[in-house]
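Here the structure is laid out as structure tokens; the discussion comes afterwards.
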Amino acid sequence: MASPLERKIKITGPVVVTANRVADGAVIYRDADGDWTTSLDAAAVATDAARAHALIAEANADDLRAVGAYIAPVELTEAGGRRPGNLRELIRLSGPTIELPVTFGI
Amino acid sequence: MYIYDSIDRTLVAERVAEFRDQVARRLSGELTEDEFKPLRLMNGVYLQLHAYMLRIANPYGTLSSRQLRQLAHVARRYDRGYGHFTTRQNIQFHWIKLEQLPDAMADLAAVGMHGMQTSGNNVRNITTDQWAGVAPDEIEDPRIWAEIIRQHVTLHPEFSFMPRKFKICVGAASHDRAALRIHDLAFRLHRNAGGEAGFEVMVGGGLGRTPYLAQTIRPFLKKCDLLSYVEAVLRTYNQFGRRDNIWKARIKILVHDLGAEAFAKEVEAEWQSIKDGPLALDAATVAEIASRFVYPDYEALEDGPPELAAARRADGRFDRWVNNAVANHKKSGYAIVTLSLKPEGGTPGDATAVQMDALADLADRYSFGEIRIGHEQNLALPHVAQRDLPAVWRALDALGLATPNIGLVSDIISCPGLDYCSLANARSIPIAQEITRRFHDLDRQRDLGRLHINISGCINACGHHHVGHIGILGVEKNGEEFYQITLGGEADDHAVLGTLIGPAVPYAKVADVVEDIAAAYLDLRTGPDELFIDTLKRTGIEPFRERVYAAR
Amino acid sequence: MPLVENGRIVEDRYVRVAADGPIPERVPIIVPAQRFLAEADSLVRRDGSLGVDWPNDRRVAELEPWLGHLALIALNFPKFKDGRAYSQARLLRETYSFGGMLRATGEVLRDQFHFLVRAGFDSFEVKKPADAAVFAEVLARYSVYYQPGADGRAPALRRRLQGGAAPKVRETA
């Protein structure tokens with residue numbers, strides 16, 4: 001998945017704004033209250049370019065708490081939740097797709 | 001092993017204090033991310049998909065048992081209980097918190113370790129043969145020269161903000177185990193016709209988007225001129241390397257654009273003006289550095305002790321491991337033991353804190369407290385008495401570090417890929433894991449013989465896919481992971497870049513393709529003595545290409 | 001943008017002149033490179049200290065004929081990460097024995113100070129006042145260096161040979 005920073009912003013479906021938290025690097029999402037959350041389900045979803053631009057502008061202005069904000073695709077589930085829109089985002093949300101070595105062997 | 005003195009230790013401690021201040025300024029908002037990023041990178045701190053990553057330098061791949069124990073401690077205390085050994089003989093931790101990094105670095109500094117210049121546009125960790133100092137085929141220990149360069153380029157006032165990263169390698173053996181020609185700058189110690197030892201200088205190698213092998217710009221450089229020559233190369237690059245395009249910023253592009261001859265002329269002109277200055281190395285300086293390399297107090301032992309022969313006869317598994325993982329040592333009665341970090345289904349290069357601690361104990365008991373890291377992402381115990389091999393094997397086997405697959409198809413070099421890395425386009429580790437499962441049968445692996453697979457999750461080529469016998473490069477097509485396959489790459493004395501065999505294949509088919517290539521080799525080889533790479537050279541890639549794509 | 005010289009924040013005595021327009025008499029001036037090269041013959045005869053603002057993508061060898069007349073050369077860091085001027089500074093100091101002032105301009109932040117001083121700079125247009133205020137403190141961060149530098153400190157190798165290092169501790173790593 002090409003680094004999202006290299007991509008032009010174009011909104012073809014629902015998106016969220018995501019970044020890494022400065023203090024520990026954790027994956028975070030911009031929420032509707034102008035705060036950050038680690039829960040994708042609590043993220044603010046934009047479906048038009050104006051809203052997406054507003055979210056990313058707010059996020060970029062928050063250099064103290066978040067690093068490398070960008071717009072990422074999501075899919076909306078029937079139950080009202082969200083699923084990451086691509087493999088990269090899925091891995092960011094759920095962790096590596098492999099078993100971590102601590103549990104492997106010894 | 002190089003012994004740090006108060007100067008080395010002071011510098012590392014002062015670096016930690018500086019970084020602690022920089023982190024505090026970042027966390028307080030005094031530094032923006034744009035300002036902080038180059039500073040953290042100069043200390044080996046990246047931001048990856050899930051967390052910060054800390055890369056720690058292991059100069060020329062040598063570690064003491066005490067250092068390895070401290071790495072285990074850092075893995076446990078600040079990370080998730082494991083670390084990842086890289087193709088630059090470094091180790092990296094993938095789950096570090098920025099706010100804890102200064103403490104982790106202070107713990108590392110206590111054993112003389114640091115992340116200085118493991119990232120950023122400076123001279124990276126100097127690598128060399130992981131068997132340096134013990135290999136029977138070397139003319140002298142290249143680590144002394146690597147250490148002289150390491151010291152000179154550490155916090156260098158002129159070369160800390162170059163166009164791009166810069167990788168230096170020093171080799172001294174007749175067989176290149178350090179992949180000299182894929183480095184920005186490489187030195188090969190050899191003797192000239194007069195019997196004097198000096199360096200062949202190679203420049204402009206590197207993989208990535210535009211792979212090149214380094215070209216020789218000077219067949220023989222006197223030892224006393226090593227530092228001034230390094231300085232001249234770096235100064236030429238720092239001034240004239242491209243800075244307008246990150247993909248064209250490595251020295252290989254400058255060398256290619258100018259031509260090796262014109263580049264060499266520029267370097268020689270600069271070098272002439274500085275070679276007799278303060279960087280000229282005198283014998284006392286070299287002797288001072290050399291004196292701080294401490295060598296084991298070996299016992300006088302004979303090769304081939306009877307207890308080893310008896311153990312090999314008694315246990316087939318042990319015998320197979322000896323054949324695979326044990327190499328000749330320059331000292332009689334001793335052996336170099338390679339430890340596979342490539343268990344079936346595992347992550348290439350990963351070691352747990354439990355393994356690190358246990359290995360440190362084994363090194364103390366059986367290898368004069370020393371451990372090596374190779375660019376193939378395996379470890380080595382460099383000084384094991386042959387009579388101790390059965391005991392060492394039993395201990396390693398219990399730790400999962402005795403898979404007898406060194407140099408075989410499941411000894412895969414792999415970058416972390418999309419499971420961790422923010423630059424990756426596709427996953428690498430699960431591809432490697434699936435291949436090791438397909439080739440689960442060790443007899444089958446041994447029948448296939450020496451076969452190197454290298455996997456990179458993006459064009460940056462951290463998995464050195466261009467120089468794998470089979471190279472696998474992850475790309476993205478319409479949001480799906482695809483993999484390009486190259487054949488025929490080699491990293492050693494006959495360094496050559498692999499050739500792309502055809503269209504990229506999807507994630508689920510990569511292991512099938514590797515099996516097809518292996519099957520094609522078995523059909524095509526003249527006999528079991530013809531290695532995969534030799535068959536490939538004889539037949540060309542065409543019959544392999546046909547086999548792979550016929551069914552697809 | 002505060003100017004630091006001799007470890008202190010000082011007034012800038014130099015006036016920057018434009019690519020065209022009048023040149024003031026008798027005050028120290030810094031002239032853009034193009035204009036300097038075009039008018040060097042008359043500039044060096046002028047009364048008053050002469051400085052040149054030299055871009056980081058031109059060889060400093062071009063300045064060689066004029067070095068004896070130059071009191072200051074301003075070298076530029078358009079970005080923190082662009083380190084070409086470090087090489088220019090060392091060439092000027094070490095190859096061409098330039099004895100005037102070397103001023104660092106542009107993106108000059110505290111974390112470069114020790115590199116700059118050791119490359120031969122002695123005048124610093126510091127971007128942030130907070131950084132300028134701690135100049136001396138920041139320089140004291142490191143007490144040892146491995147390589148020779150323009151600050152005249154003995155590099156590690158020489159200190160060891162002279163026995164200047166503290167006693168070796170025979171302790172692994």
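The values are calculated or read from the model by the stated rules, or taken from the named source; none is laboratory data. Everything quoted here is computed from the prediction, not taken from an experiment. Methodologically, a virtual Cβ is constructed for each residue, glycine included, from the backbone with ideal geometry; neighbour enumeration extends over all protein chains shown. Quick note on the areas: whole protein, heavy atoms, side chains included, nothing else; ligands and nucleic acids left out. Shrake-Rupley method; radii C 1.70, N 1.55, O 1.52, S 1.80 Å.
Quick notes on this structure:
- As computed over segment B:413-550, the Cα convex hull volume per residue (Å³): 100
- Rounded to the nearest 10 Å², the accessible area of B:ASP397 at probe 1.4 Å: 50
- Between C:ASP53 and C:VAL31, C:ALA33, C:ALA74, the built amide H atoms are under 5 Å apart, and every one of these is 5 or more places off in sequence or on another chain.
- For A:TRP36, nonlocal amide neighbours, meaning residues 5 or more places apart or on other chains whose placed amide H falls under 5 Å from its own, are A:ASP31.
- For segment B:148-157, 3J(HN,Hα) per residue [Karplus equation, 6.51 cos²θ - 1.76 cosθ + 1.60, θ = phi - 60°, Hz, x = Gly/Pro]: 4, 5, 4, 4, 4, 8, 6, 6, 5, x
- Neighbourhood charge, 14 Å Cβ-Cβ cut-off, centred on C:GLU5 and excluding it, Lys, Arg +1 and Asp, Glu -1: -1
- Secondary-structure-derived ellipticity at 222 nm for the protein assembly as shown, considering helices only, amounts to -9500 deg cm²/dmol, per-run term -39500 (n - 2.57) for DSSP H runs with n ≥ 4.
- The heavy atoms of B:HIS465 offer some 10 square angstrom of accessible surface to a 1.4 angstrom probe.
- Surface exposure of segment B:134-291, expressed per residue as accessible area with a 1.4 Å probe, stands at 33 Å².
- Counted charge near C:ARG153, where neighbours are those whose Cβ lies closer than 14 Å (Asp, Glu -1; Lys, Arg +1): +3
- Segment A:10-103 shape via C-alpha gyration tensor axes, a/c threshold 1.5: oblate
- Segment B:358-402 versus segment B:201-249: alpha-carbon centroid distance in Å: 36
- Rounded percent of accessible protein surface that carbon and sulfur make up, chain B, 1.4 Å probe: 51
- Heavy-atom accessible area order for B:ARG446, C:ARG16, C:ARG8, B:ARG177, largest first, 1.4 Å probe: C:ARG8, C:ARG16, B:ARG446, B:ARG177
- Environment charge at B:ALA284 (Cβ cut-off 15 Å; Lys +1, Arg +1, Asp -1, Glu -1): +3
- For segment C:44-69 and segment A:55-93, distance of Cα centres in Å: 53
- Shielding value for C:151-157 is 4, the average number of Cβ atoms from other chains within 10 Å of each residue's Cβ.
- Unpaired cysteine residues in chain B (no second Cys Cβ under 4.7 Å): B:CYS169, B:CYS224, B:CYS421, B:CYS458.
- Geometric descriptor of chain B, per residue, is 157 Å³ (volume of the convex hull of the Cα atoms).
- Residues whose amide H lies under 5 Å from that of B:GLU481, counting only those 5 or more places away or on a different chain, are B:TYR507; hydrogens are built 1.01 Å from N in the peptide plane.
- Table column - 3J(HN,Hα) (Hz), segment A:71-83, Karplus curve with 6.51, -1.76, 1.60, x for Gly and Pro: 8, 10, x, 10, 10, 8, 8, 5, 6, x, x, 10, 10
- Spacing of the two label points (7 Å from each Cα toward its C-beta) at C:ALA19 and B:HIS175, in nm: 6.2
- Listed by chain and number, the lysines placed with their C-alpha closer than 29 angstrom to that of C:LYS127 are B:LYS37, B:LYS165, C:LYS79, C:LYS81; residues fewer than eight positions away on the same chain are left out.
- The largest accessible area among B:MET202, C:MET1 belongs to the first residue in C:MET1, B:MET202, and the rest follow in falling order (1.4 Å probe, all chains).
- Between helix C:33-43 and chain C: long-axis angle, C-alpha atoms, 0 to 90°, nearest 10: 70
- C-alpha center-to-center spacing [segment C:5-35, segment B:15-40] in angstrom: 34
- For segment B:142-166, accessible area lost to neighbouring protein chains reaches 40 Å² or more, against the chain alone with a 1.4 Å probe, at B:GLN151, B:LEU155, B:PRO157, B:GLU158, B:PHE161.
- Chains C and B together bury some 4700 Å² of accessible area, summed over both sides, with a 1.4 Å probe.
- One quarter of the convex hull surface built on the alpha carbon atoms of segment C:98-143 amounts to 3.3 nm², the projected area averaged over directions.
- Exposure check, 1.4 Å probe, all protein chains in place: B:SER119 carries approximately 0 Å² of accessible surface.
- Unsatisfied cross-links (Cα-Cα over 18 Å) in the set B:LYS167/B:LYS252; B:LYS222/B:LYS331; B:LYS222/B:LYS275: B:LYS222/B:LYS331
- Here the 3J(HN,Hα) profile of segment C:72-78, calculated from phi with Karplus coefficients 6.51, -1.76 and 1.60 at θ = phi - 60°, is 8, 10, 8, 10, 10, 10, x Hz, Gly and Pro shown as x.
- Straight-distance crosslink candidates among lysines, where the alpha carbon sits under 21 Å from B:LYS509 and sequence neighbours closer than 8 are dropped: B:LYS477
- Here the extension length gained between B:ARG437 and B:ALA398 equals 12.0 nm, from 0.36 nm per residue of separation less the Cα-Cα distance.
- The alpha carbons of the protein assembly as shown stretch over 94, 77, 50 Å along the principal axes, in descending order.
- Among the residues of C:77-88, the average count of other protein chain beta-carbon atoms within 10 Å of the residue beta-carbon is 6.
- Shape summary of segment B:134-291, radius of gyration then Dmax from alpha carbon positions: 15.2, 46 Å.
- Dimensionless Rg/Rh of chain C - Kirkwood Rh, Rg from C-alpha atoms: 1.04
- Global geometry of segment B:191-256, whether rounded, prolate or oblate, following the gyration tensor of its Cα atoms and the 1.5 cut on a/c: oblate
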